[in-house]
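Visitor: Quick one: the structure is below, and I'll ask about it shortly.
Any read-out appearing in this document is the output of simple, stated calculations on the displayed coordinates, not a laboratory observation. All values reported here derive from a predicted model rather than from experimental measurement. As a convention, Cβ positions derive from the backbone with ideal geometry for all residues, glycine included, and neighbour counts pool all protein chains shown.
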Amino acid sequence: MEPGSAPNQGDSSALSLAASEGRRHKTGAGYVPLLVISAVCLFVGSLSSSLLAKYYFIHKGSSRWVSTWVQSAGFPLLIPFVCVPYFLKRTQRRPFTHFTPKLWVLSIFVGLMLGVNNLLFSWGTSYLPVSTSSLLLSTQLLFNLILSVLIVKQKVTFSNLNCVMLLTLSSVLLALSSSHDRPPGLTRAKYFIGFFSTVGAGLLFALYLPVMEKIYRKVYCYAMVVEMQLVMEIAATVLATVGMMADGGFAEMKREGERVFDKGPRVYYVTVAMTVACWQMCFMGTAGMVFMTSSLTGGVCMTALLAMNVLGGVVVYRDDFEGVKIVSTVLCVWGFCSYVYGMHLKNTKHQETDNKSSVTPAGTGPRNRHGQAMEMGRMPDVASGLV
């Protein structure tokens, strides 16, 4: 069977076993390039989308439904990646092959959950400085660890627990002393609406990551990840579109671009288009990291990137960067380095174990039910066995 082809029914158990074994071993020539691409998309998308969202509100943009809609409206950008490989004969697998009714329902449900998360994020971004909202979002990591333990049986080690505690502490310090950071004219009530909306977005995202990891364990190739992401973002866009229609959002979008946005219609629509593309990069980068590593690793990377968002807010928007914010950023970097070091130690130990097993006499190693070497039906999950 070719790597891109779909399995028949008789091979389903072999694929399940291959996927299970693949989560313990880093194999496949495409693993590292795809992991690097996902990391770059996550980095660029997260930083750019955060700064563009704030740019929209700074220059008189005010529609939270528009801000919500652009986060998922980039789903058409995924269609070429779903269809083109099949039409160019680069794979024999047809798009959406082996999508069960359960997988369809799960994709739609998670997409709606993502839409609610996008709305909460928009409310938070509209009221808080980029630096404050970014650091507040790191509260999701503690809940991400707890939910990962409950949902995907994530192992708790000193390195990941230390990382989570440091990043959470940075958020607590910020929350206790950042009320003076309110933009001029923002009432106390609206500040706390933004504060709790941002925390709510972080908690919902903490649930989203382990749920996706559990679903991805039933997925045997990266193409299915892209297809699931397409379905989820369509569901999220439908939710945002319904909200915009009910609230007059499309008419408001036109009026906003022509009369309200102080940079003019052209800059307005360029900002919207760039935001759509950047959010798409961010979500696909997140999906790739969760698929190839683990939900906790994806959450740690997202949280560590918040430090970059803080620096971006300081450089671009001249947000205050004193006292507690400096300490919070240092704690973010410290926690991430602790996590990476723990991964390095586990990876070294894992490689030593693999080297020992490689000298096992022929015929005594693990075989699939056909007596053949395991075929890589999906990109393996390395970090789930590392931390």
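Visitor: Most exposed first by the Cβ proxy, i.e. fewest other Cβ within 10 Å, how do M228, M343, M245 rank?
Guide: M245, M343, M228
Visitor: For segment 44-142, what does the alpha-carbon gyration tensor say about shape, rounded, prolate or oblate, given a ≥ b ≥ c as the root eigenvalues, a/c under 1.5 as rounded, and a/b over b/c as prolate? If you can, show how the numbers build up before the last one.
Guide: Numbers: a/c = 2.57, a/b = 1.96, b/c = 1.31.
Cα axes put segment 44-142 in the prolate bin.
Visitor: To continue, here is another question. By count of other Cβ within 10 Å, fewest leading, how are W279, W69, W334 ordered?
Guide: W334, W279, W69
Visitor: Now for a separate question. So between S62 and K155, what do we pick up on full extension, going 0.36 nm a residue minus the alpha carbon distance?
Guide: Working: separation 93, 0.36 × 93 = 33.48 nm, distance 4.31 nm.
Result for the pair: 29.2 nm of gain on full extension.
Visitor: Still on this structure, I have one more. According to the square roots a ≥ b ≥ c of the eigenvalues of the Cα gyration tensor, what is the shape class of segment 213-315, taking rounded for a/c under 1.5, prolate for a/b larger than b/c otherwise, and oblate for the remainder?
Guide: Oblate.
Visitor: While we're looking at this one, here's another question. First check a/c for segment 272-337, with a ≥ b ≥ c the square roots of the eigenvalues of its C-alpha gyration tensor; if it is under 1.5, answer rounded, and if not, answer prolate when a/b is larger than b/c or oblate otherwise.
Guide: Cα axes put segment 272-337 in the oblate bin.
Visitor: Let me ask something else. Quick one: which of K54/K254; K263/K325; K60/K325; K218/K346 span more than 21 angstrom between C-alpha atoms?
Guide: K263/K325; K60/K325; K218/K346
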